[in-house]
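The values are calculated or read from the model by the stated rules, or taken from the named source; none is laboratory data. Since we're looking at a predicted model, the values are computed, not measured. Cβ placement follows ideal geometry from the backbone for every residue including glycine, while neighbour counts extend to all protein chains displayed. Heavy atoms of the whole protein, side chains included, go into the accessibility calculation; ligands, DNA and RNA do not. Shrake-Rupley method; radii C 1.70, N 1.55, O 1.52, S 1.80 Å.
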Amino acid sequence: MASSSTIPLCTTTTPSSSSSFFAKPSQLFLQGRNKQSFKVSCNANNTGEHDKNLDGVDRRNVLLGLGGLYGAANLAPLTATASPIPAPDLKSCSRAQINFPEDPPVPYSCCPPKPDDMDCVPYYKFPPMTKHIRPPAHAVDEEYIEKYQLATSNMRGLDTNPNDPRGFKQQANIHCAYCNGAYMIDGKKLQVHESWLFFPFHRWYLYFYERILGSLIDDPTFRLPYWNWDHPKGMRLPPMFDVPGSSLYDERRNPHVRNGTIIDLGFFGEETKTTQLQTMTNNLTLMYRQMITNAPCPLLFFGKPYRLGSDIDPGAGTIENIPHTPVHIWTGTVATPKGEQPIDGVRSYGEDMGNFYSAGLDPVFFCHHGNVDRMWNEWKAIGGKRRDLADKDWLNSEFFFYDENRNPWRVKVRDCLDSKKMGYDYAPMPTPWRNFKPKKTTSGKVPTGSLPPASKVFPLAKMDRAISFSINRPASSRTPQDKNEQEEMLTFNNVKHDKLEYIRFDVFLNTDKTVNEDHELHKAEFGGSYTSLPHVHADHNSCAKGVSFQLAITELLEDIGLEDEETIAVTMVPKKGGEFVSIECVEIKLEDC
């Protein structure tokens, strides 16, 4: 029997033959072991003993993680509890919340029009189509721009009928409903950010948006452009979006995005006084860290598991963290700080791009997420253990969308793993960040004897200044085989902060507290950054729970020359909102990918 907050199951039907866009979905047979990363206490020993409290992980996953005698082949008779996130039932949709509990809700309904038969929404199947290419936005010609402007203008024209799900505002409302607490699943708010749902949700979202645009200009070959911010030539707002009066223009943007300003992929609300060359260098460094160093394992890239019945925001993947979130903040208006009165009497919540509820109202949102989606393809192409997740709860999670013919559909994650089978690919562009490994800037090991051990620094009540500490490693002088089998993770446990504030702090290894005074990130000692965009949290409790933040440091230790050291120095540098951040403890763990 269907849950009261999920769409009931019904017989699958085929999309209307009048549509000429789609291809039949392929059957995906994914093999492999479903490995689960267990939470380990900072007090655990280095023998690999786990907490006995496995946070509700079912017995099958525990045994699969052990391998050997209890491998997958030996577990076939066992029944595992399936907990994928289902598509939301539209009957559960209510008013979305902008940000703060004391603030009014979103001033309009973000809920989609209700289908004629709400009790039976079928699964989507791809009708016949051919593959076409999404171009880099900075390199398109005038003919493409005119076509894109016309399609967007026609979509805006559909807003005269508020019940047309293809309208520009209704399409923007999709993001609002899924991301600002409008939907309830199993009695809890649904959120598609800060978890492994981030990439597949936005891929499906852009897929239907793109098809609607194409249908409105009678061009099934039309494909969205991507904002190529990972290449120096694309590190500016694409010019086609900066033409006042155009259907691609949005007045609610930060003025600093205009006039060819170089984007800061680590932006968190405050301008950094550096040269254009330094900003571009920092951007490429961030891309290298987020795509290569810190994402050798699938869950580090996609985000932490989010299953039915679990809390939202379990933890973002590397690319969602940076550069996805900073691009949103850099583009949107300057948000009025919490507790302060707006100068002109109109409070800004970062609209449009800087807030989940309004991000889709800026056409550049879809261009931005085109490149985010491209990073999924680029990441898998790097190789190693970089591959799609095989967890059935991820593969069978579902979303709800309308197509270009106003037909409602349910879609599954498992059907969006290959963009080519969805009818699109990306025009190839150079990826200079692949070979942009930062250089070592320190000579030798920073003395750790004068630094307080992590056990004396944590728990940390607030990060109101740069903090350095020493920390022991679980193993030193690891062999290449050891490194291939397990990744060394610097793990910040139970990171809590005000979910209604902009948050960023940087992490460095083998440095002191003055490490980031020059704002330069192109150094081997830079490990990565933690970020968070203000958003609605479960039950409107802005500090309801903590998350685990992990940095893969195997490569860093090699580059800095600390592989044989038993103790290393770590420095945390708050960049934004550090006074709202608390951390229970920090440890280094060895984990399977």
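Once fully extended, how much extra length lies between Thr275 and Ala475, figured as 0.36 nm per residue of separation less the alpha-carbon to alpha-carbon distance?
Values: separation 200, 0.36 × 200 = 72.00 nm, distance 4.08 nm.
Length difference between fully extended and current span is 67.9 nm.
On average, how much accessible surface per residue is there in the stretch 281-353, in Å², for a 1.4 Å probe, leaving out ligands, DNA and RNA?
Working: 2040 Å² over 73 residues.
Computed with neighbouring chains in place, this is 28 Å² per residue.
Quick one, what does Rg over Rh come out to for the stretch 158-312 if you take C-alpha atoms and the Kirkwood Rh?
Dividing the radius of gyration by the Kirkwood radius yields 0.99.
Relative to the compact globular guide of 2.2 N^0.38 Å, what is the alpha carbon radius of gyration of the stretch 264-384, as a ratio?
Values: Rg = 16.4 Å, N = 121, 2.2 N^0.38 = 13.6 Å.
In units of the globular-protein estimate, the stretch 264-384 measures up at 1.20.
Of the accessible area of the stretch 210-326, with the probe set at 1.4 angstrom, what percent is carbon plus sulfur?
Working: 1960 of 3800 Å².
Carbon and sulfur: 51 percent of the exposed surface of the stretch 210-326.
Given Cα positions, please report Rg to Rh for the stretch 212-278, the hydrodynamic radius being the Kirkwood one.
Details: Rg = 15.0 Å, Rh = 14.2 Å.
Rg divided by Rh gives 1.05.
If you build the Cα gyration tensor of the stretch 108-163 and take the root of 5 times each eigenvalue, what three semi-axes come out, in whole angstrom, biggest first? Mind dumping the intermediate values first?
Working: eigenvalues 185, 83, 19 Å².
Output for the stretch 108-163: semi-axes of 30, 20, 10 Å.
Please work out the average accessible area per residue across the stretch 148-187, using the 1.4 Å probe convention, and give it in Å². Each step should come with its number before you reach the end.
Details: 1340 Å² over 40 residues.
Heavy-atom accessible area per residue stands at 34 Å².
How many angstrom lie between the Cα centre of the stretch 461-500 and the Cα centre of the stretch 78-152?
36
From the convex hull of the Cα coordinates of the stretch 112-205, what is the mean projected area in square nanometres? Walk me through the numbers before you get to the answer.
On the way: hull surface 35.8 nm².
The number I arrive at for the stretch 112-205 is 9.0 nm².
Can you list, bin by bin at 5 Å, the percent of alpha carbon pairs in the stretch 339-462, starting at 0?
Using 5 Å bins, I get a P(r) of 2, 6, 8, 11, 13, 11, 11, 11, 12, 9, 3, 1, 1, 0 for the stretch 339-462.
What pairs in Lys338/Lys575; Lys304/Lys338; Lys456/Lys589; Lys483/Lys513; Lys233/Lys575 have C-alpha atoms more than 22 Å from each other?
Working: Lys338/Lys575 17 Å; Lys304/Lys338 29 Å; Lys456/Lys589 19 Å; Lys483/Lys513 29 Å; Lys233/Lys575 27 Å.
In this structure, Lys304/Lys338; Lys483/Lys513; Lys233/Lys575 exceed 22 Å between Cα atoms.
Would you kindly derive the ³J(HN,Hα) couplings of the stretch 236-249 from the backbone phi angles with the Karplus curve 6.51 cos²θ - 1.76 cosθ + 1.60 (θ = phi - 60°), listing them in order in whole Hz, with x for Gly and Pro?
9, 4, x, x, 4, 8, 10, 10, x, x, 6, 5, 9, 8
Taking the dipole about the Cα centre of the stretch 353-506, with the C-beta of Lys and Arg at +1 and of Asp and Glu at -1, give me whichever of Leu395, Pro363, Pro447 is farthest to the positive side.
Of Leu395, Pro363, Pro447, it is Pro447.
Provide the per residue accessible area, probe 1.4 Å, for the stretch 190-251, rounded to a whole number of square angstrom. Write down the numbers at each step before the final one.
Details: 1470 Å² over 62 residues.
Computed with neighbouring chains in place, this is 24 Å² per residue.
Taking all protein chains in place and a 1.4 Å probe, what share, in percent, of the accessible surface of the stretch 412-457 do carbon and sulfur account for?
Numbers: 1400 of 2520 Å².
Carbon plus sulfur share of accessible area: 55 percent.
Please go through the stretch 319-351 and write out the GluC sites (Glu not before Pro) that DSSP classes as loop and that have at most 11 other C-beta atoms within 10 Å. Working shown, then result.
Numbers: sites: Glu320, Glu340, Glu351; in loops: Glu340, Glu351.
Listed in order of number, the matching sites are Glu340.
Treating the beta-carbon of each Lys and Arg as +1 and of each Asp and Glu as -1, no other charges, what is the dipole magnitude of the stretch 403-526 about its Cα centre, to the nearest 20 debye?
Details: 22 positive and 18 negative charges, 48 e Å.
Result for the stretch 403-526 is approximately 220 debye, rounded to the nearest 20.
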